[in-house]
Amino acid sequence: MTGEIWRNNATDLADMIAAGDVSSLEVVDSHLDRIEEVNGWLNAVTRVLADEARVAAKDADRVVADGGELGPLHGVPCTIKENVDVAGTPTTQGLPVFADLISPTDAPLVERLRSAGAIPIGRTNLPELGLRISTDNPLHGLTRNPWHPERTAGGSSGGEGSAIASGMSPLGLGNDIGGSVRNPAFCCGVTAIKPTHGRLPAFSVFEHDQNPALSSQIMLTDGPMARSVADLRTAMEILNGRDIRDPRSVDVPLDGPDAKRQAAVVKHIPDVDCHPSVIEGLERAASSLAEAGWEIVESTPPGIDLCSEIWAHLLGADVSLLMDAARPILSKEMAEALDSGMTEQFSREIISHDEIHVERSRLAREWSLFFAENPVVIMPTWPHPPFEHGADIREESRHELVETLRFITPANVLGLPSVALPVGVSDGLPQGVQCVADRWRDDLTLKAAGDIEKSLGRITPINPIND
């Protein structure tokens, strides 16, 4: 009997397996049973790797029985977003044309997870080319939010968010150029970290010329998702560091020098009205930090609204260049949305190419000076609860997309680390915040998030709401 082993977090499962309290095969079977139970409704896992996972679990159990060396995630199942290479499975990008694009090798981070003992048990859903903040595509269809069947699970790593929140997986891997791990973390009530840009390497055998677009070079990073801050920390210790296949990646220790325990709380930015439930959650997070000994000030980093302008110009320019090649392989709905200028909705001022990089450099310096006084910034993830399916590409509700990412984009534009975590539930939907710090201070985001979580607890896994 595998029972409800799936309710445990990744590091707890690793400890249970190492102690002999449960076998890896029992853990894997429990999660496979959970996928069978709830994935038909949620549609978060697109490909189940049952046979491979069971073979790997039996191998893991033999190592335990023989007294062998165990990695920090030995025998623990995980899931991987379908735009990250996993050997022997397709890297579909959510597109029918790539349904059979089988990768011969693992991506660097998948290699590292396997080396730490983790066992991939499934691939997870995403929007076409990862270009939406909701998860739906013509290859696999719509992913539902376990908390509410009519609200988005977020995107673009929405399959991961839904799978982790519902107990199908304790740990997953996604990526983030505009909140793509933090958006679903907020919508589904789980945790995720967008690491400092360059801390984790990325490589795909299908990037034939290995020259990512400028926006990706500057703003895109892979990152782990889980249900606890401790699991994020464990994952970052495993994933951290340079890989020669990614020239942007570097070796930097995960922990930095001691910093004062002061956090700036951001409640308002220009042109954004935060929903009362968002402010309530933010205040709850700030109070929990104050109780843990942090000094709390209400202050906003300089030019936070300009970050969205820069983000939109960088991403919008690359999307425009992509469209001639991508239009024939995208759904009509997606192509029309991109042609109508989704990212241009952010732009209120005209910023030249040169000005973008001058302003980005200036903002990076000014935010670093701000972090010297306030080592951590606490702010909303989204300013409103998760929206209804499809609102991110419907022209009449495009203003929601504009507001939604105002708090998200600074971390991408400036390459900053940011942990998204839940802080409660309001009207049946998760509430959440972000903990942001200066470049290479991912440890501070994890410390602050850990203190919040210690006070407020975790809210997943849950049984999906399907009515």
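The values are calculated or read from the model by the stated rules, or taken from the named source; none is laboratory data. Note that this is a predicted model, so its numbers are computed, not measured. Positions of Cβ are backbone-derived with ideal geometry, glycine not excepted, and every protein chain shown enters the neighbour counts. Areas reflect the complete protein model, heavy atoms only, side chains present, ligands, DNA and RNA absent. Shrake-Rupley method; radii C 1.70, N 1.55, O 1.52, S 1.80 Å.
In table form, for the structure just shown:
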quantity	calculated
Accessible area (Å², per residue) of the chain, counting only protein heavy atoms and a probe of 1.4 Å	37 Å²
Relative contact order computed over region 1-117 (Cα-Cα under 8 Å; 6+ residues apart), in percent	24 percent
Protection proxy ranking of 252-258, 191-197 - average other beta-carbon atoms within 10 Å, highest first	191-197, 252-258
Dipole axis of the chain (+1 Lys, Arg; -1 Asp, Glu on Cβ), positive-most option in L369, A335, S23	L369
Spacing of the two label points (7 Å from each Cα toward its C-beta) at A335 and L369, in nm	4.9 nm
Cβ charges +1 (Lys, Arg) and -1 (Asp, Glu), total dipole of the chain, debye	460 debye
Relative contact order of region 126-224, defined on C-alpha pairs under 8 angstrom at six or more residues apart (%)	24 percent
Cβ-derived FRET efficiency at R0 45 Å, E52 paired with D354, nearest 0.05	0.35
For E359, solvent-accessible area (1.4 Å; no DNA, RNA or ligand), Å²	50 Å²
Relative contact order, percent, the chain [alpha-carbon distance under 8 Å, six or more residues apart]	17 percent
Centre separation in Å (Cα based) which lies between region 243-301 and region 164-232	18 Å
Förster radius 30 Å - calculated FRET efficiency between E388 and Q262, Cβ distance, rounded to 0.05	0.20
Kyte-Doolittle mean at least -0.5 and Cα axial length at least 24 Å: DSSP H helices in the chain	24-42, 304-326
Proximal charge balance of G68 [Cβ under 12 Å; K/R count +1, D/E count -1]	-3
When each of K81/K447; K58/K454; K267/K454; K194/K447; K81/K267 is checked by Cα-Cα distance, pairs over 24 Å	K81/K447; K58/K454; K81/K267
Dipole magnitude of region 1-91, debye to nearest 20 (Cβ charges: Lys/Arg +1, Asp/Glu -1, about Cα centre)	220 debye
Cleavage-rule hits, GluC sites (Glu not before Pro), region 1-101, DSSP coil, Cβ neighbours within 10 Å at most 12	E4, E69
Computed magnitude of the charge dipole of region 143-250 (debye, nearest 20; Cβ of K, R +1, Cβ of D, E -1)	260 debye
